[in-house]
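Worksheet for the structure shown next.
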Amino acid sequence: MAGDNSSFRSLLSRRHFLELGAMATAALGLKQSSAAASHPPSKTVLDLPFTAGNPRIGIIGTGGRGTSLLQDFLAADAQVVSICDIVAEKAEHARSLVEKAGQKSPALYTQGDYAYEKLAAREDLDLVVIATPWDWHVRMATFTMEHGKHAAVEVPAATTLEDCWKLVDTSERTQRHCVMLENCCYGYNETLILNMIRSGRFGDLLYGEAAYLHDLREELFSTQGEGLWRRTVHTQRNGNLYPTHGLGPVANYMGVNRGDRFDFMVSMSTPQRGLDQYRKSHLQPGDPRQAEKYLTGDLNTSLIKTANGLTITLKHDVSNPHPYDRLNVIGGTIGVFADYPPRIYFDQEKGGDEWGTIDSFKTEFENSHWRQEGEIARKLGGHGGMDFIMVYRLLQCMREGLPPDLDVYDAAAWSAPGPLSRLSVNQDSAPVKFPDFTRGLWKKRNGSAIGKTASS
């Protein structure tokens, strides 16, 4: 959760040891199927609807991200019952926001790292929102599901393959959903392009590109917020630390877990330079952070092949100067879209080889939620409004008794490139197989429920 403490550092060290063991096992050449065999089939949660009703919500973690999510939930008229954070002042501030929204004062849980267990064990909750450091996600989400509530967890949902399976197994056993809060799937451009793909405007899809290119050097070396824990991960793992923001939308375009799935990937990393250079020019010589040894290569590049033969290029770099970019590319036999800035091209377009804009497609293909809720979404401002659209849609699914747009199989598959990239890099960029978290059921459904036009 928010803050830095000895138990959290101990957890990181222990997980790093286990991760090295997992890499050694992979190096022995054990087949992925043998790993999957340790997770026997259970009752699926694929397309499992929520029980219809207005959900009662608890939130774990009220730092910058948790507070922003809280404001979106309140703007969508969600009932917030309880709040947990190890920093009492943050929890108190969150409570004041709930009270200001005209709701009953929520219960607070602030007594230590495991105060979240008391929150999740409450009988008057339906959904627990988890906005904490990455290595706490799985233990909090599984505890939540084991105590009868649905979990909505920030990205990435898990950082090891073992934990990806743990989320899937727990969700299936408890018949409770674990939704990863991948807000980028709800961006204006992403939902627009998804609708165009569903209509066949791009022809047969062939390839995509996805990335998280974001200069986080100042934030990583901050003495508050994510600077208290996120930089530490760079001392432990060499691979893609944060795959889902770019990958989620492209996976939706391609119907991953909905008629296709990730099959295998290869990954490679550049040398590490950016964080060393930044601290050399920004920190005092005696600063203890000068002694840290960073393992994460500045740019990690992975190639993913899907079961249907499509390819995805996936990149990660947070350690160098670069304008924010998720790439967000999708190409097919008729046309191609690329973002940052958004541009589109179709076969035999007027203007020859020049890119066009997406403006002429907005009337026909704008997502219905952006058409109806876009004004309040943009006013709230969370990542351009996509945060509110994501929260609004999750609440709509719960209120109307619909299956979630993003389920535990997406959470696991989209998080898996994190540990798989590390395995591949550790083995000189050897191919590594993706587990089939759906156990073959990806063939049984088609298309993302996010893709709705303004007229639907």
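A single member of Arg261, Arg176 is over 14 Å from Leu327 (Cβ atoms), surrounded by 22 or more Cβ atoms within 10 Å (Cβ to Cβ), in contact (Cβ under 8 Å) with a residue 12 or more places away in the chain and in contact with an Asp or Glu (Cβ under 8 Å, 6 or more places away or on another chain), and it is Arg261. For segment 264-277, enumerate the residues that are touching a Leu at 6+ places or on another chain (Cβ under 8 Å) and either open to solvent by 10 Å² or more (accessible area, probe 1.4 Å) or within 25 Å of Val336 (Cβ to Cβ) (or both). Across segment 264-277, the qualifying residues are Met265, Val266, Ser267, Ser269, Thr270, Gln272.
The residues of segment 280-304 that are open to solvent by 50 Å² or more (accessible area, probe 1.4 Å) and out of contact with any Lys or Arg (no Cβ under 9 Å at 6 or more places or on another chain), listed by number, are Lys280, Ser281, Gln284, Pro285, Gly286, Pro288, Ala291, Lys293, Leu303. Taken over segment 145-173, the criterion of being among the β-branched types (Val, Ile, Thr), surrounded by 21 or more Cβ atoms within 10 Å (Cβ to Cβ) and over 21 Å from Met390 (Cα atoms) is satisfied by Thr159, Val168, Thr170.
Okay, residues lined up against (1) touching a helix residue (DSSP H, G or I) at 6+ places or on another chain (Cβ under 8 Å); (2) without any contact (Cβ under 8 Å) to a residue 12 or more places away in the chain; (3) closer than 24 Å to Gln427 by Cβ:
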{"position": "Thr301", "(1), (2), (3)": "no, no, yes"}
{"position": "Lys315", "(1), (2), (3)": "yes, no, yes"}
{"position": "Thr333", "(1), (2), (3)": "no, no, no"}
{"position": "Phe337", "(1), (2), (3)": "yes, no, no"}
{"position": "Arg343", "(1), (2), (3)": "no, no, no"}
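Which of the residues belonging to segment 59-111 are touching a residue at least 60 places away in the same chain (Cβ under 8 Å), assigned to a helix (DSSP H, G or I) and open to solvent by 20 Å² or more (accessible area, probe 1.4 Å)? Gly64, Arg65, Ser68, Gln71, Ala75, Lys90, listed by residue number. Counting only residues that are surrounded by fewer than 24 Cβ atoms within 10 Å (Cβ to Cβ) and either at pLDDT below 95 or closer than 18 Å to Met180 by Cβ (or both), segment 408-435 holds 2 of them.
Of the residues making up segment 376-386, those that are open to solvent by 100 Å² or more (accessible area, probe 1.4 Å) and under 25 Å from Ile344 (Cα atoms) are Arg378, His383. For Ala307, all conditions in the list (1) open to solvent by less than 40 Å² (accessible area, probe 1.4 Å); (2) touching a residue at least 24 places away in the same chain (Cβ under 8 Å) hold save one; what is the number of the exception? So Ala307 meets the others, but not (1).
One line per residue, one yes/no per condition, for (1) touching a Phe, Trp or Tyr at 6+ places or on another chain (Cβ under 8 Å); (2) among the basic types (Lys, Arg):
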{"site": "Ile83", "(1), (2)": "yes, no"}
{"site": "Arg95", "(1), (2)": "no, yes"}
{"site": "Pro106", "(1), (2)": "no, no"}
{"site": "Thr110", "(1), (2)": "no, no"}
{"site": "Tyr116", "(1), (2)": "yes, no"}
{"site": "Arg122", "(1), (2)": "no, yes"}
{"site": "Ala131", "(1), (2)": "no, no"}
{"site": "Trp136", "(1), (2)": "yes, no"}
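Among the candidates Gly64, Gly29, single out the residue that is at pLDDT 95 or above and out of contact with any strand residue (DSSP E or B) (no Cβ under 7 Å at 6 or more places or on another chain). Checking each option against the conditions leaves just Gly64.
Of all the criteria given as (1) assigned to a helix (DSSP H, G or I); (2) more than 28 Å from Gly440 (Cα to Cα); (3) not aliphatic (A, V, I, L, M), the one not satisfied by Gly248 is (2). Listed by position, the helices (runs of 4 or more DSSP H) enclosed by segment 328-415 that each have at least 2 residues that are more than 25 Å from Ala78 (Cβ to Cβ) are 362-365, 408-415. Taken residue by residue, segment 174-185 has at least one member that is in a helix (DSSP H, G or I) and over 30 Å from Arg378 (Cα atoms). Residues that are open to solvent by 80 Å² or more (accessible area, probe 1.4 Å), closer than 23 Å to Gly246 by Cβ and under 23 Å from the mean Cα position of the chain (by Cα): does segment 349-363 have at least one? Checked against the condition, which is being open to solvent by 80 Å² or more (accessible area, probe 1.4 Å), closer than 23 Å to Gly246 by Cβ and under 23 Å from the mean Cα position of the chain (by Cα), segment 349-363 yields no hits at all. A single member of Leu395, Leu420 is within 24 Å of Pro41 (Cβ to Cβ) and either without any contact (Cβ under 8 Å) to a residue 60 or more places away in the chain or within 21 Å of the chain's Cα centre (by Cα) (or both), and it is Leu420.
The values are calculated or read from the model by the stated rules, or taken from the named source; none is laboratory data. Keep in mind that what you see is a predicted model, and the values were worked out from it rather than measured. Cβ coordinates were reconstructed from backbone atoms using ideal geometry, including for glycine residues, and neighbour counts include every protein chain displayed. Only protein heavy atoms, including side chains, enter the accessible area calculation; ligands, DNA and RNA are left aside. Shrake-Rupley method; radii C 1.70, N 1.55, O 1.52, S 1.80 Å.
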